[in-house]
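Okay, structure first, notes after.
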Amino acid sequence: MKVKENLTVIQEQINSACVKVNRNLEDITIIAVTKYVSAERAIEAVDAGIKHLGENRDDGLLSKWNILGNRPIWHYIGSLQTRKVKNVIDKVSFIHSLDRHSLAKEINKRATGKIKCFVQVNVSGEESKHGIQPKDTLQFIKELQVYPNLLVVGLMTMAPLTDDEQLLRSCFRQLRTLRDEIKVMELPHAPCAELSMGMSNDYKIAIEEGATFIRIGTALVGE
Ligand SMILES: *Cc1c(COP(=O)(O)O)cnc(C)c1O
């Protein structure tokens, strides 16, 4: 399938999810996750109108960045090793996987301007998932104020791989509730207005539960 055709289907789904819960389409940003596919396919996505691309490894990001440069806005979506920060820091606008102080410190040290970060939260409680525990999130975010190059724009989570709609909803809802609690505090370093949640198999539910950035790989560009 052409990316353009997949995108049309996804946009229809987004549209109906928005109608269902009375949200504005403009509040949802699609990130095309190109980690499984070639640079050619990433170019096809950009040509189809995709403005945001996401990668989860430094080498994948760099090889595509060398071709596409800053035509798309780049998101680093995977767990990020501290020693790899320097390879990606001047290429990406967003990092979705901030989950520890050592990483925050390194991002702050290497960044030449403000980097927009999502704090990754492990709401599902699965041991295999990265992210900090919901109960530790507020304290962690408060502590990030010592890093002037970090702007905490929101929270990110990965839901479990399941078709259990209630379970997915409850994960997304927990993240939203947590986001709301932090947002009302109006911390200057952490406006925390965004929710990065929803992938190929659960983005419709994520949108119904408030997602503002959805990260779609398989359903959009293929696997
Ligand atoms: C791979 C990946 C995605 C996209 O997954 P699909 O199921 O292919 O849509 C989204 N977010 C993260 C963090 C990923 O690693």
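With protein chains left intact and a 1.4 Å probe, residues in the chain average 47 Å² of accessible area per residue.
For a Förster distance of 25 Å, can you work out the FRET efficiency between the beta-carbons of residue 101 and residue 218, rounded to the nearest 0.05? Efficiency at R0 = 25 Å is approximately 0.15.
Would you mind telling me the antiparallel percentage of the DSSP bridges in the chain, rounded to 5?
5
On full extension, the segment bounded by residue 187 and residue 79 gains 36.4 nm, given 0.36 nm per residue less the C-alpha separation. For residue 165, put the label point 7 Å out on the Cα→Cβ axis and report which residues of the range 5-33 keep their amide N under 13 Å from it. Within reach of a label on residue 165, which here means backbone N under 13 Å from a point 7 Å along Cα→Cβ, the range 5-33 contributes 17.
Under 5 Å between amide hydrogens, built in the peptide plane, is the criterion, and for residue 54 it picks out 32, 33, 34, 75 among residues at least 5 positions away or on other chains. Projected label points at residue 139 and residue 59, each 7 Å from Cα along the beta carbon direction, are separated by 3.9 nanometres.
Extension gain for residue 177 to residue 114 (0.36 nm times residue separation, less C-alpha to C-alpha distance): 20.1 nm. Here the range 68-83 is scanned for amide nitrogen atoms under 13 Å from the site 7 Å beyond the Cα of residue 39 along Cα-to-Cβ, giving 68-70. Split the accessible area of the chain by element, probe 1.4 Å, and carbon with sulfur accounts for 49%. Evaluated with a Cβ-only charge set (Lys, Arg +1; Asp, Glu -1), the chain carries a dipole of roughly 740 debye about its Cα centre, given to the nearest 20. Rounded to whole numbers, the Karplus 3J(HN,Hα) couplings from phi for the range 64-78 are 7, 5, 4, 8, 9, x, 8, 4, x, 8, 9, 10, 9, 10, x Hz, using 6.51 cos²θ - 1.76 cosθ + 1.60 with θ = phi - 60°, and x at Gly and Pro.
Residues whose amide H falls under 5 Å from that of residue 115, counting only those 5 or more places apart or on a different chain, are 150, 151, with hydrogens built in the peptide plane. What lysines could a cross-link reach from residue 183, if we take a straight Cα to Cα line under 28 Å and drop same-chain neighbours fewer than 8 places away? Output for residue 183: 20, 51, 91, 105, 109, 114, 116, 129, 135, 142, 204.
The values are calculated or read from the model by the stated rules, or taken from the named source; none is laboratory data. Remember, it's a predicted structure, so these values are computed and weren't measured experimentally. For neighbour counting, all protein chains shown are included, and Cβ atoms are generated from backbone atoms with ideal geometry for every residue, glycine included. Note: accessible area is taken over every heavy atom of the protein model, side chains too, but ligands, DNA and RNA are not part of it. Shrake-Rupley method; radii C 1.70, N 1.55, O 1.52, S 1.80 Å.
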